[in-house]
Amino acid sequence: MSTNSHIHIPAFCLVVLIGATGSGKSTFARKYFKTTEIVSSDTCRGLVSDDENNQTASADAFALARYLVGMRLKNGLLTVVDATNVQEEGRKDWIRLAREYHCLPIAIILNMPEKLCAQRNAARPDRNFGRHVIPQHISQLKRSFRKLKYEGFRQIIELWSLEEVEALSDIVRDPLYNDKKAVSGPFDIIGDVHGCYDELATLLTRLGYQYNDNLWNHPAGRKAVFVGDLVDRGPKTPAVLELVMNMTAAGSAYCVPGNHDAKLLKWLKGKDVQARHGLEESIDQLSLQTQEFRDRVKDFLDGLVSHYVFDQGKLVVAHAGLKENMHGRGSGAVREFCMYGETTGEIDEFGLPVRYNWAIEYKGKATVVYGHTPVPEAQWLNNTIDIDTGCVFGGQLTALRYPERELVSVAAAQVYCVPAKPLYPVKEVGVPLTMQQESDRVLDIADFTGRQIVETSLGRNITIREEHSMAALEVMSRFAINPQWLIYLPPTMSPAKTSTLKDYLEFPTEAFDYYKEAGISKVVCQEKHMGSRAVVIVGKDENAISRAFGITGEGIGTIYTRTGRAFFSDKAMEQALLQRVNTALHASSFYETFRSDWVCLDVELMPWSAKAQALLQSQYAAVGTAATNALKDVNVVLQQLADRDPNGQALLVEYQSREQEAEQFIAAYRQYCWPVNSIEDYKLAPFHILATEGKQWTSEHHEWHMENISKICLADPAIMQTTPYKVVSLNDEASIHEATEWWLSSTATGGEGMVVKPYNFIEKYAKGIVQPAIKIRGREYLRIIYGPEYTSPENLERLKVRGLHAKRGLAMREFALGVEGLQRFVDKEPLRRVHQCVFGVLAMECEPVDPRL
Amino acid sequence: MLLTITTTHMPADDLGFLLHKHPAKIQSVALTAGQVHIFYPEVSAERCTVALLLDMDPVALVRNAGPQGSDFALEQYVNDRPYVCSSLMSAGIAKGLSSALNGRCKDKPELIGVAMPFTVRVSVLPVRGGEALLQSLFAPLGYTINAVQHPLDPAFPEWGSSRYFTVELTHTLTLQQLLSHLYVLIPVCDNSKHYWVAKDEVDKLLQKGKDWLETHPARELIVRRYLKNQRVLANQVLEVLFQHEGTNVQEPDNIAEEDQEPTSLPIHERRLQAVRDELLVAGAKRVVDLGCGEGKLLKLLMTERQFGYLLGMDVSYRALEIAKDKLKMDRMTDKQRERIQLIHGSLTYRDQRLEGFDAAALVEVIEHLDAPRLKALEQTIFEFAKPQLVVITSPNAEYNIRFENLPAGQLRHGDHRFEWTRKEFETWATAIAVRYGYHVSFKPVGDADPVVGAISQMAVFSQPVPQPGLE
């Protein structure tokens, strides 16, 4: 061997070092691997017993080593086991772990002379094993050689001498065959062809491929990816093979093997196979070909890799699909899964193996594209898609364009083979649910318990603490409506910083200053309606709702509160109100304009007394009546006192002012109450168009929202209200002054206040997202929040000390979650992913924050 | 907020001596989070009135409530406490008029035992229980009661009455008796959280009530309300009070339920036993109690050897904490601990932890879900968890007319979302059984009334047992 020899190992494998004590394993490991990649039995002995040479601690030390190795392999990390491993008994565990995590086990043997080992041990005072240990190890090692391959090691590397070890300059890590992460396409992934050459040629043409010099090529360099099952059943298996072999050889296609391809390979290799399930056609057709062609096919099929991981790990293609923990891994089990999927071992009424649909439980990040099971229509389910649309059975040959995610299909020219199970199931009445909707009917609790981290597109990972997710689970379970409706929960809103003015707790100046400091020059001020925040979802009809939400039999929409509860306990009233909105949407041509047959609106629903009746009566009215009746009596006796004792005057004055404040308090809440006897007593004021089919609208500025909403409102002003607003330029003092005056006059006549928002729905600055809205509540309105007597100077002074930090943090995180949830919904992501965001908002709302803010 | 005491005893201004407060002065005594002003609006030989005026600081009241108090409920900040007569007024009496309350009068000790005509005016008194409660508290002590109930808001007559009264009480008795009655009974009327309940309140109550409480017909209510939310304390007092009578003072576990379901104490036991019997007969070994609440069924099942493993699940973490406590989970031996486990979970989410059980019990659970959410519950249990046996109990709505205190159309419990007739329950359960291949049978729980049926109803779902050897 030369002085700079290399050895090659797979980039992900379990390296098991084998060698007697003193053979230099640890030194070897440290030289070629990262410290963190090495799991050493000596280190583990030390960890469990404080003594690296304590042989009595071996059982515990190996338990720990197995645990560490398991964890690393689970996380896809190359791992080196540094232990003597001279006995089969000891190696078995490593093989088992490698298999469990679908990792290739590799043996590196350090077969050093006994003398060298003895010398090395002698140099280490802590190693005083008996003299017999080294010879025993060496003889066990020798006996092991023959067995290693049968034990399951996929690669065995022997180093025979110190010279050979020293000559080794590097251990090269080769990517796994399935690792095509660097290849990003674009791709056209093609379903099970089964010898349907004509349809394949038509499909390739339709996809833009051109046929030149015996080869199909895409002028824009797109790559075809075949999901396997090229052969059997169909009329032109050899032609299909020829086409795919040429394309893969030329680098314009990739191909993974299907179960039919594998069985054909067995036949080609001369093994005994039953010519059934269409293999007989392949055999007949291939028998007419040359031996040379059959040999080429054999080599081609033999060289196919079980699956591919493309595009930085974002795309996985396998014949029958692949679970996440097998992506990019290599083992017999992975190969088996790729070819046959998950089967239960049972046989169904058509004599076919019962397939377990692994995709139902798939939660991986990578898109998985596969075939194998013929389906009437290719449908997304949890970011996976089966594109075998049964061409050979008279269905279609389907391709998925990636990353476009478009489906392109060519109908079969004829039924080449009658399927054992009918391809098209009996149609049900109504709008059929998609597979995704079907699978989303019930959510899995495991996705929502414990600490959660939600990635949001607004650039923040949001952590939900365990105690809050527990609280959210209770609220969601006991009070919320069907989670399929809940695509959005509104975020909390922070008030402006406390005013520096003597008589005010909140004043517009601070909100304008906040946005100015964030570098924003234009804001929108919207009048704050005193109602209850609600989310309205309404569709053209129940079918529209069924198509978009997968909900049947729950009406043409829903109205829910900030916490996901039904706004109306009276379902008929809710539906009647939604019908009015629906009519207004029709009348204002909303559905046509937005190319959608449903909409989700963020609204304020009035009167406040409609939803907050209990709170109003038990809190506000109660306090009001207690205060006025008590203070009336108080001032009678204080007047008597003052009449006979001038010292009583001070108390009288004080309590008279308290009586007046109590009356102002009653006046404040009465503004927001009116009896509701008919549908037109409700007023609905939408202020955001949140989402329509395929689109969420936080990309549009607030003026856009106001204008589009006013069109709807004009169609039914009896129940729909526009929101008065002003666009304010923060560089223009006059504009600011005008808005401030507007606030002063509206709050003086009982208005609740206003909300200031950046002109664009989403604004970012150095610190992250700018507060999406800030409320400035009127002086009188705040009386019902801070109590009747909050305006007395000694109270106001103390109340001005309030921290906004927690509230602002929540508002921002909830906003990011809200936008993320909407995006996921319109992207038709699994409900689990949408619910995560909604659940997150609810969990945040369970955090204790001063409720007066 | 305001309490005035007027006497026409001659000479009426003797009141000043009795109260130890000079009629010519306005005195202010500090209280926690405020003060009480004591003054005389009218003083003459014929008629003398003393007023106690609370001057509570609403901001300090919240801040002084401490960590337990600041549970971030908005109610804390806008509340009636500064304006009513509550335990804060009792504190004002104890602090401001302590000599009189304790029967001391330095200058005219001969007045102490003299019964005088008194008229007391309380502005305003929150009363839970209305005028009937006022009568039951004060009439047995000899008072004439004149109470005016205030509307919630005269602008919204449809909102009805508030719980606030302006009350006038007239009686002839000693001042000390009068003050001790007011001291104890004002907070009893209010029945709200006290700002000062502590262990020594037991002694205070016993001392203030020593002459009249033992014979008062409403003594149980008085004691329980006075020591609101202090159940351990309440038992202590009842034991001291009833020690000579041998009365059992064990309280029902769930006061709320007792309030809502007038006769439910024995029925809930019977319900649990009925469920246990079904589980026993079916030979179930691994049982999950879905919606286990505070663990009453689990406790009952623990004693049966047949049940090798019990899992309790509830959506309320608080309920689980109580269950853990009641089942004494912390003190269990390893063997016991292997038999039982509690988990936090929900019936509207599928849950792998619920798979592989012989039986599931849902005792009075389904009616706590909004009806549209039952579909998810149905799938969670029958499609995914798939136990061999499922026992579900639910109130029988037809029986409700037998509850005397339950207004027609009202549900038995504040959190019930629906209550079903037998027909409704059976229709629901039968459809599920058909959908998921279960056999279902129905049984009454409790004595069956020939017309309206039993108080509660039970559905027992079972899967056909696969016959080994037939496959």
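Annotations
Conditions tested, residue by residue: (1) polar (S, T, N, Q); (2) under 19 Å from residue B:37 (Cα atoms); (3) more than 14 Å from chain A (Cβ to nearest Cβ).
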site: B:103; (1), (2), (3): no, no, yes
site: B:121; (1), (2), (3): no, yes, no
site: B:130; (1), (2), (3): no, no, yes
site: B:135; (1), (2), (3): yes, no, yes
site: B:141; (1), (2), (3): no, no, yes
site: B:145; (1), (2), (3): no, no, yes
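- Within segment A:608-622, restricting attention to residues that are more than 9 Å from every other protein chain (Cβ to nearest Cβ), touching a residue at least 12 places away in the same chain (Cβ under 8 Å) and assigned to a helix (DSSP H, G or I), the residue that is farthest from residue B:155 (Cα to Cα) is A:611.
- For segment B:2-22, the set of residues classified as more than 10 Å from chain A (Cβ to nearest Cβ) and not aliphatic (A, V, I, L, M) consists of B:6, B:7, B:8, B:9, B:11, B:13, B:14, B:16, B:17, B:20, B:21, B:22, listed by residue number.
- In a residue-by-residue description of segment B:366-381, the property of being at pLDDT 90 or above, of a type in the set (S, T, N, Q), assigned by TED's automatic domain parsing to the domain that holds residue B:316 and closer than 21 Å to residue B:301 by Cβ applies to no position.
- The listed residue being more than 12 Å from every other protein chain (Cβ to nearest Cβ), open to solvent by 30 Å² or more (accessible area, probe 1.4 Å) and of a type in the set (Asp, Glu), out of A:602, A:570: A:570
- Among the residues of segment A:703-715, the ones that are more than 16 Å from residue A:523 (Cα to Cα) and either modelled with pLDDT under 95 or assigned to a helix (DSSP H, G or I) (or both) come to 7 in all.
- Scanning segment A:701-715 turns up no residue that is of a type in the set (Asp, Glu) and within 14 Å of chain B (Cβ to nearest Cβ).
- Residue match in segment A:14-32 (condition: open to solvent by 10 Å² or more (accessible area, probe 1.4 Å) and farther than 25 Å from residue A:163 by Cβ): no
- Search result, residues across segment A:461-504 that are of a type in the set (Gly, Ala, Ser) and either in contact (Cβ under 8 Å) with a residue 12 or more places away in the chain or away from every other protein chain (no Cβ under 14 Å) (or both): A:469, A:471, A:472, A:480, A:494, A:496, A:499
- Count of residues meeting criterion [under 19 Å from residue B:179 (Cα atoms) and out of contact with any strand residue (DSSP E or B) (no Cβ under 9 Å at 6 or more places or on another chain)] in segment B:23-54: 0
- Residue within segment B:271-288 that is buried (at least 22 other Cβ atoms within 10 Å of the Cβ), in contact with a strand residue (DSSP E or B) (Cβ under 6 Å, 6 or more places away or on another chain) and either free of Cβ contacts under 8 Å to residues at least 60 places away in the same chain or among the hydroxyl-bearing types (Ser, Thr, Tyr) (or both) present: no
- Boolean, residue A:381 is at pLDDT below 95 and farther than 30 Å from residue A:175 by Cβ: no
- Filtered by the rule that a residue be open to solvent by 10 Å² or more (accessible area, probe 1.4 Å) and within 14 Å of chain A (Cβ to nearest Cβ), segment B:163-190 gives B:163, B:166, B:168.
- Unmet criterion (only one of (1) in contact (Cβ under 8 Å) with a residue 24 or more places away in the chain; (2) under 21 Å from residue B:47 (Cα atoms)) for residue B:127: (2)
- If you check B:424, B:471 for being modelled with pLDDT under 95, open to solvent by 70 Å² or more (accessible area, probe 1.4 Å) and farther than 17 Å from residue B:278 by Cβ, only one passes: B:471.
- Filtered by the rule that a residue be more than 8 Å from chain B (Cβ to nearest Cβ), open to solvent by 20 Å² or more (accessible area, probe 1.4 Å) and among the charged types (D, E, K, R), segment A:633-658 gives A:643, A:654.
- Some residue of segment B:430-438 being of a type in the set (S, T, N, Q), free of Cβ contacts under 8 Å to residues at least 60 places away in the same chain, under 30 Å from residue B:356 (Cβ atoms) and within 14 Å of chain A (Cβ to nearest Cβ): no
- Scanning segment B:309-329 for residues that are open to solvent by 30 Å² or more (accessible area, probe 1.4 Å) and at pLDDT below 95 gives B:317, B:318, B:321, B:322, B:324, B:325, B:326, B:328.
- Residue check for residue B:61: within 11 Å of another protein chain (Cβ to nearest Cβ), farther than 16 Å from residue B:180 by Cα and at pLDDT below 85: yes
- Highlighted here are the strands (runs of 3 or more DSSP E) found entirely within segment A:716-827 that include at least 2 residues which are in contact with a Gly (Cβ under 8 Å, 6 or more places away or on another chain), of a type outside the set (Asp, Glu) and modelled with pLDDT of 90 or more: A:774-777.
- For the residues A:97, A:78, A:110, the requirement of being closer than 12 Å to residue A:12 by Cβ and either open to solvent by 20 Å² or more (accessible area, probe 1.4 Å) or in contact with a helix residue (DSSP H, G or I) (Cβ under 9 Å, 6 or more places away or on another chain) (or both) singles out A:78.
- Out of A:710, A:745, A:699, A:735, one residue alone is in the same structural domain as residue A:779 (by TED's automatic domain parsing), under 45 Å from the mean Cα position of the chain (by Cα) and of a type in the set (Ser, Thr, Tyr). It is A:735.
- Qualifying residue in segment A:226-233 (condition: open to solvent by 10 Å² or more (accessible area, probe 1.4 Å) and either under 38 Å from the mean Cα position of the chain (by Cα) or aromatic (Phe, Trp, Tyr) (or both)): no
- The single residue among B:55, B:80 that is within 23 Å of residue B:37 (Cβ to Cβ) and at pLDDT 90 or above turns out to be B:55.
Quick grid of which residues meet (1) hydrophobic (A, V, I, L, M, F, W, C); (2) away from every other protein chain (no Cβ under 13 Å); (3) crowded, with 21+ Cβ neighbours inside 10 Å:
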| site | (1), (2), (3) |
| --- | --- |
| A:771 | no, yes, yes |
| A:774 | yes, yes, yes |
| A:782 | yes, no, yes |
| A:801 | yes, no, no |
| A:815 | yes, yes, yes |
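- Some residue of segment B:392-399 being within 14 Å of chain A (Cβ to nearest Cβ) and open to solvent by less than 10 Å² (accessible area, probe 1.4 Å): no
The values are calculated or read from the model by the stated rules, or taken from the named source; none is laboratory data. As the structure is a prediction and not an experimental result, all values here were calculated from the model. Don't worry about glycine lacking a Cβ; one is built from the backbone with ideal geometry, like all the others, and counts go over all protein chains shown. Quick note on the areas: whole protein, heavy atoms, side chains included, nothing else; ligands and nucleic acids left out. Shrake-Rupley method; radii C 1.70, N 1.55, O 1.52, S 1.80 Å.
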